[in-house]
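I have placed the structure first, in the form of structure tokens, so that the comments after it can refer back to it.
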Amino acid sequence: MRRRLAVAVVLLAVAAGGLWLWRAARRPQGLVLSGSLEARTVEVGSLVGGRVLEVYVEEGDRVAAGQPLVRFDADLRDLEVAEQQARIEEARAALARTERGPRGEAVRRAEIEWRAAETDRRRFQALWRQGVVPRRELDAATVREATARETLREAERGGREEDVAAARAALRREETRLALLERQRQETLVAAPAAGVVETLDLRPGDLVPANRPVASLLEAGQLWVRVYVPEPQLGRVRVGQRVAVSVDSFPERRFRGRVVEIRDRAEYTPRNVQTLEQRAEQVFGVKVEVEPAPELKAGMAALVHLEDGDGGGNQR
């Protein structure tokens, strides 16, 4: 009886040891925390819109800052710019003409007309004294002579300051209009404002896009992260700058690169919507993990953050 009892104890111990080893083999190495991916994207578009001429990238492509994404047809803008350039040349010519005043020929012609009017006035004055012509004809000749004299004086003085100022203002107005048109022409090329990954872009050549409508959304580096909560007893295993691995349910075999960028200074109670692999602790510290952008990662995905005791992050790629 004792022998059987001893054998049973041995078998029970072996079974318990095997169960412990099996559980130990299945237990994740290091610290594993759960959270959900959060992202802040950039909506890229054009202030003018138009007909799509070329699409240079596709969804999932990595782009550099300033890299072209979409180009709109700019033929109409080019015609407007050419027309405005002609208006500027016309305004410049008008300003130069106003600043210089009348040509020498115009001054001489005004002088000739004044002398002719003066001669007519003297002749009518003599005829009026003789009683040949009525007073009204002399008055009319006098008015013509005075008008011709003032016209000559205006020609000799040149352009008025008010006229010059108005011509300069007209030129500035046309130049401002040209700058606006050229800026609108620049908007026909949509470029990436920063380096990142193209998340959405669904356009083809020929598509019509309204003004101020986003044509693509970009996920910048540093704008994808996951917030996890580390139990207070495990906080010593986490440090800012630590490399980690991030996995999501959609791609369980893959490990995405991440880095700890923030550890909150104050402890808090575990949020109700956060579940850890081990028993929840009452006091936790929020940790922000920056994740390198990848086309497969979307905001809202459940994610696991794998923190190793060393600086490694598991099998990352």
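Residues that are aliphatic (A, V, I, L, M) and under 20 Å from the mean Cα position of the chain (by Cα) are absent from the stretch 75-91 altogether.
The C-beta contact set for the stretch 143-167 (first residue part of a helix (DSSP H, G or I), second residue modelled with pLDDT under 70, distance under 7 angstrom, 6+ apart or interchain) comprises Ala155/Pro102; Ala155/Ala106; Ala155/Val107; Glu156/Val107. Filtering Arg136, Arg149 for residues that are over 30 Å from Glu83 (Cα atoms), at pLDDT below 85 and of a type in the set (Lys, Arg) leaves a single hit, Arg149.
Within the stretch 188-207, the set of residues being over 26 Å from Leu297 (Cβ atoms) and under 16 Å from the mean Cα position of the chain (by Cα) comprises Thr188, Leu189. Kindly provide the set of residues from the stretch 240-253 that are of a type in the set (D, E, K, R) and modelled with pLDDT of 90 or more, ordered by number. Selection gives Arg243 alone. Filtered by the rule that a residue be in contact with a Gly (Cβ under 8 Å, 6 or more places away or on another chain) and either of a type outside the set (Gly, Ala, Ser) or open to solvent by less than 30 Å² (accessible area, probe 1.4 Å) (or both), the stretch 200-212 gives Leu208, Val209, Pro210, Asn212. Within the stretch 162-186, the residues that satisfy the criterion of being at pLDDT 85 or above, open to solvent by 50 Å² or more (accessible area, probe 1.4 Å) and of a type in the set (Asp, Glu) are Glu175, Glu182. Going by the structure shown, is Val215 closer than 21 Å to Leu47 by Cα, in contact with a Gly (Cβ under 7 Å, 6 or more places away or on another chain), part of a strand (DSSP E or B) and at pLDDT 90 or above? It is true that Val215 is closer than 21 Å to Leu47 by Cα, in contact with a Gly (Cβ under 7 Å, 6 or more places away or on another chain), part of a strand (DSSP E or B) and at pLDDT 90 or above.
Annotation: Leu21 fulfils all but one of (1) modelled with pLDDT of 90 or more; (2) open to solvent by 80 Å² or more (accessible area, probe 1.4 Å); (3) farther than 24 Å from Ser250 by Cβ; the unmet one is (1). Taking the stretch 31-123 as the region of interest, the strands (runs of 3 or more DSSP E) fully inside it that hold 1 or more residues being in contact with a strand residue (DSSP E or B) (Cβ under 9 Å, 6 or more places away or on another chain) and farther than 26 Å from Val190 by Cβ are 31-45.
From Gly104, Gly159, grab the single residue that is at pLDDT below 85, crowded, with 16+ Cβ neighbours inside 10 Å and not hydrophobic (A, V, I, L, M, F, W, C).
Result of the check over Gly104, Gly159: Gly159.
The listed residues are Glu58, Glu118, and the only one of them that is open to solvent by less than 60 Å² (accessible area, probe 1.4 Å) and of a type in the set (Asp, Glu) turns out to be Glu118.
Scanning for something among the charged types (D, E, K, R) and within 27 Å of the chain's Cα centre (by Cα), does the stretch 124-131 turn up at least one residue? For the stretch 124-131, residues among the charged types (D, E, K, R) and within 27 Å of the chain's Cα centre (by Cα): absent. Annotation note: of Gln275, Gln316, the sole residue that is polar (S, T, N, Q), under 37 Å from the mean Cα position of the chain (by Cα), modelled with pLDDT under 55 and surrounded by 11 or more Cβ atoms within 10 Å (Cβ to Cβ) is Gln316.
The values are calculated or read from the model by the stated rules, or taken from the named source; none is laboratory data. Worth saying up front: this structure is predicted, and the values here are computed from it rather than measured. Cβ coordinates were reconstructed from backbone atoms using ideal geometry, including for glycine residues, and neighbour counts include every protein chain displayed. Calculation scope for accessible area: heavy atoms of the full protein, side chains included, ligands and nucleic acids excluded. Shrake-Rupley method; radii C 1.70, N 1.55, O 1.52, S 1.80 Å.
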